[in-house]
Amino acid sequence: MAQRRLKILLVATEAVPFAKEGGVADVMGSLPKALADLGHDVRVFLPRYGRIEPAQWDLDRTGVVKSFWFGGATQTVHIWQTTLPGSCVTVYLLDHEGYFGRHQKLYLGQDQIDEQRRFLLFCRGVVESLPDLDFIPDIFHLNDWQTAPIAAYLRTSFRHLTSRGANRVVYTIHNLQYQGRWGPEILGDAGLDPAAVFSPQGLEYWGDVNWMKAGINYGDVVTTVSRRYAEEIQTLDFGWGLDELLFQRHTRVFGIANGIDWDEWNPETDAAIAQPISLENPLPGKQADRKALREEFGLPDDPDVPLIGVVSRLVDQKGFDLVAALGDLLGSLPVQLVVLGSGQAPYEHLFRDLAGRSANVRARIGFDVALSHRIYAGSDFFLMPSAFEPGGLGQLIALRYGTLPIVHATGGLADTVSDLTEHPESGNGISFEAYEPQALLDALHRALALYADREGWPTLVARAMTHDSRWSASAAAYDGLYRRVLRLPPTAG
Ligand code: ADP
């Protein structure tokens with residue numbers, strides 16, 4: 001019997017190619033396509049930040065304009081539409097000049113009341129406009145705290161959207177650290193009745209509103225982006241205060257690994273890199289790309305010295321305090337380090353400082369997608385020592401370009417990187433267990449030894465490139481979960 005075609009709506013704050021700060025954007029740019037390939041009617045809803053130019057992205061007006069009372073005033077939103085390039089996936093973009101259009105930045109900072117208000121307005125605008133867009137999905141797939149308020153609306157003032165009782169909410173946690181907490185007065189702005197939602201069974205958390213909690217309690221199922229992280233978040237160390245709740249709901253918590261878009265990240269055809277890297281014989285391409293990268297950063301092209309790349313948000317989560325602890329020791333190792341990233345000032349300072357003091361370290365503070373391609377391609381190793389990592393895409397992209405990841409064994413890194421010392425015949429990288437500077441240093445020494453084995457090295461590069469990170473398996477897992485949750489009774493809430 002043919003499977004029913006589902007209507008699926010993914011709501012998120014970023015998606016490649018329109019707006020990106022982190023991995024969520026990669027997921028939103030590629031998972032919808034993979035789901036559409038399975039035959040579903042898939043649509044995506046995003047805010048239209050100022051940087052998303054209508055002319056650049058062929059945005060058309062849908063004609064849907066909604067006005068509603070929000071935050072003590074009448075607000076009006078317009079809905080644009082376009083398609084995800086290279087697919088039939090419809091993308092809706094919610095326009096509001098004051099909250100989104102006049103801002104180039106995606107995020108204003110979690111300490112800003114306007115950060116709360118703008119994403120609430122976005123959520124409200126989504127549920128307000130869906131009937132006019134004539135699209136009531138079977139699956140509302142919400143992502144992270146910013147879109148979790150939709151789950152609260154669907155349980156309360158917008159219950160009519162689910163009145164057939166046939167729709168379900170899938171809530172995906174891409175990072176449990178960012179929960180979106182604010183004082184209860186925010187409920188007045190949102191137009192949510194405190195009597196209905198402000199309780200421990202709803203979204204109340206230590207006297208505050210916690211939108212992540214709304215997603216967990218009001219979602220029919222909760223997913224996160226690796227199996228390991230799905231387990232970790234139910235423990236004190238990784239739960240950010242929500243571990244008990246997640247543990248109580250563990251029968252409805254699932255881990256589905258992210259894939260990457262193999263067309264976008266394709267070493268054989270990548271126009272951003274100096275020379276293509278062939279799967280059959282990767283080393284000539286890799287050496288040419290490394291030479292070009294070294295030239296770009298003014299580093300000597302010494303074949304005996306491996307190059308380690310970093311492409312990352314520079315935030316606490318990413319483990320660079322371990323690098324800081326190694327400090328000048330890094331400068332004395334026979335390696336080169338090239339860093340691309342931006343984020344918290346202390347880490348930006350750390351890498352600027354290291355680059356200033358060590359002849360073998362270079363840093364580019366900023367966000368640059370083309371340069372990220374050149375680093376993935378031109379590095380021998382990719383360093384990702386995250387303290388915690390829900391899924392992680394950097395290590396998957398690195399593998400695709402024949403670059404061996406050096407990772408802390410946590411979350412999605414533990415699920416995707418298999419240590420070569422433990423598994424010499426099948427491993428694809430270097431992974432360390434203890435979150436300590438010495439463990440990182442040991443890992444770097446192990447990397448050096450692997451690189452020094454000139455005979456064994458080509459096999460490792462070729463093996464890394466065979467790691468299957470395509471979306472197909474993950475999209476099939478989401479497909480299975482959507483169908484399963486549609487058969488389950490809706491969650492109480
Ligand atoms: P997170 O979502 O926590 O930032 P992921 O590893 O899941 O981490 O995804 C990071 C994505 O963002 C990758 O595609 C990576 O290449 C990209 N990225 C991170 N920092 C930069 C940067 N400074 N310039 C370009 N791309 C970046």
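Derivation of every value follows stated rules applied to the coordinates shown; laboratory data play no part. Predicted, not measured: the structure shown is a model, and the values here were computed from it. A quick note on method: Cβ atoms are made from the backbone with ideal geometry, for glycine too, and the neighbour counts reach across all protein chains shown.
Here's the list of aspartates and glutamates a cross-link from Lys33 could span, going by alpha-carbon distance under 13 Å and ignoring same-chain residues fewer than 8 apart: Asp41, Asp261, Asp263, Glu264, Asp479. One chain, two ends: Gln104 and Thr421. Fully extended at 0.36 nm per residue, the span grows by 109.5 nm beyond their Cα-Cα distance.
Listed by chain and number, the aspartates and glutamates placed with their C-alpha closer than 20 angstrom to that of Lys105 are Glu14, Glu21, Asp26, Glu53, Asp95, Glu97, Asp114, Glu115, Asp144, Glu348, Asp368; residues fewer than eight positions away on the same chain are left out. Once both labels are positioned 7 Å from their Cα atoms along Cα-to-Cβ, the gap between Ser472 and Glu295 label points is 3.8 nm.
Using per-residue counts of other Cβ atoms within 10 Å, averaged over each peptide, order 425-437, 377-389, 8-20 from highest down.
Final packing ranking: 377-389, 8-20, 425-437.
What helices does the chain have that are whole DSSP H segments, at least 24 Å long along their own axis by Cα, and with mean Kyte-Doolittle hydropathy of -1.0 or more? Correct list, ordered by number: 113-133.
Taking a straight line from the alpha carbon of Lys291, these lysines sit under 30 Å away, with near neighbours fewer than eight places off in the same chain left out: Lys20, Lys318.
Share of antiparallel DSSP beta bridges in the chain, in percent to the nearest 5?
Once the DSSP bridges in the chain are tallied, antiparallel ones form about 30 percent.
Short-range pairs are left out: with C-alpha atoms under 8 Å and at least six residues apart, the relative contact order of segment 282-468 is 21 percent.
Applying 0.36 nm per residue to the separation of Ala325 and Glu185 and subtracting their alpha-carbon distance, the gain on full extension is 46.2 nm. Contact order for the chain, expressed relative to its length and based on alpha carbon pairs under 8 Å spaced 6+ residues apart, stands at 12 percent. Over segment 317-371, the fraction of Cα-Cα pairs per 10 Å bin, rounded to whole percents and listed from the shortest bin up, is 24, 57, 19, 0.
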